[in-house]
1. How far is helix 15-93 tilted, in degrees, relative to the longest principal axis of the Cα atoms in the chain, given as a value from 0 to 90 rounded to the nearest 10?
2. Restricting to DSSP H runs of at least four residues, report the calculated mean residue ellipticity at 222 nm for the chain, -39500 (n - 2.57) per run over all residues, nearest 500 deg cm²/dmol.
3. When Lys and Arg each count +1 and Asp and Glu each count -1, what net charge do the other residues less than 15 Å away from Asp71, Cβ to Cβ, add up to?
4. Take Glu50 and Leu77, extend 7 Å from each Cα along the Cα→Cβ direction, and tell me the distance between the two endpoints in nm.
5. Among the lysines, which have Cα under 17 Å from the Cα of Lys83 when same-chain residues fewer than 8 positions away are ignored?
6. What does the charge count around Ile25 come to, taking other residues whose C-beta lies under 12 Å from its C-beta (Lys +1, Arg +1, Asp -1, Glu -1)?
7. Taking K and R as +1 and D and E as -1, what net charge do the other residues with C-beta under 15 Å from the C-beta of Met56 add up to?
8. If I stretch the segment between Glu43 and Glu18 completely, what's the gain in nm (0.36 nm per residue apart, minus their alpha carbon distance), one decimal?
Amino acid sequence: METPSKQTESSSMTREEEEEMQHDISKLQDQVQQISLSLKVNEAKMNGVETNVNGMQVKMDGVEAKMNGMDDKMEELKINLNKLLQGLCYILST
């Protein structure tokens, strides 16, 4: 009559241990899923932030272009005012 070896008995898990391990594995899988979803949400938020930053850059470029246009108009106005003053000085001096 052969008896099972102690090595075989000690290496096998009880049903309760297997269930506990499966439960732990399931919990880890849930945690990995939650982390993955969180990463996707954060990535989507970052993409939204990047889009907003790009939109702001476009607006700032537009503001800069308008400011340059205003500078040109101010310079033109200054030239015209100088011409007008010269004309008035000429009229008053004659």
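The values are calculated or read from the model by the stated rules, or taken from the named source; none is laboratory data. Computed from a predicted structure; not experimentally measured. FYI the Cβ positions are ideal-geometry reconstructions off the backbone, even for glycines, and counts take in every protein chain you see. With ligands, DNA and RNA removed, areas are computed over all heavy atoms of the protein, side chains included. Shrake-Rupley method; radii C 1.70, N 1.55, O 1.52, S 1.80 Å.
1. Computed tilt is about 0 degrees.
2. On the way: 2 runs with 85 residues, N = 94.
Calculated mean residue ellipticity at 222 nm is -33500 deg cm²/dmol.
3. Working: positive: Lys66, Lys73, Lys78; negative: Glu64, Asp72, Glu75, Glu76.
Spelling it out: positives minus negatives among the neighbours equals -1.
4. Distance between label points: 4.2 nm.
5. Lys73
6. On the way: positive: Lys27; negative: Glu18, Glu19, Glu20, Asp24, Asp30.
Overall, the nearby charge balance is -4.
7. Numbers: positive: Lys59; negative: Glu50, Asp61, Glu64.
Summing Lys and Arg as +1 and Asp and Glu as -1 gives -2.
8. Working: separation 25, 0.36 × 25 = 9.00 nm, distance 3.71 nm.
Going from the current span to full extension adds 5.3 nm.
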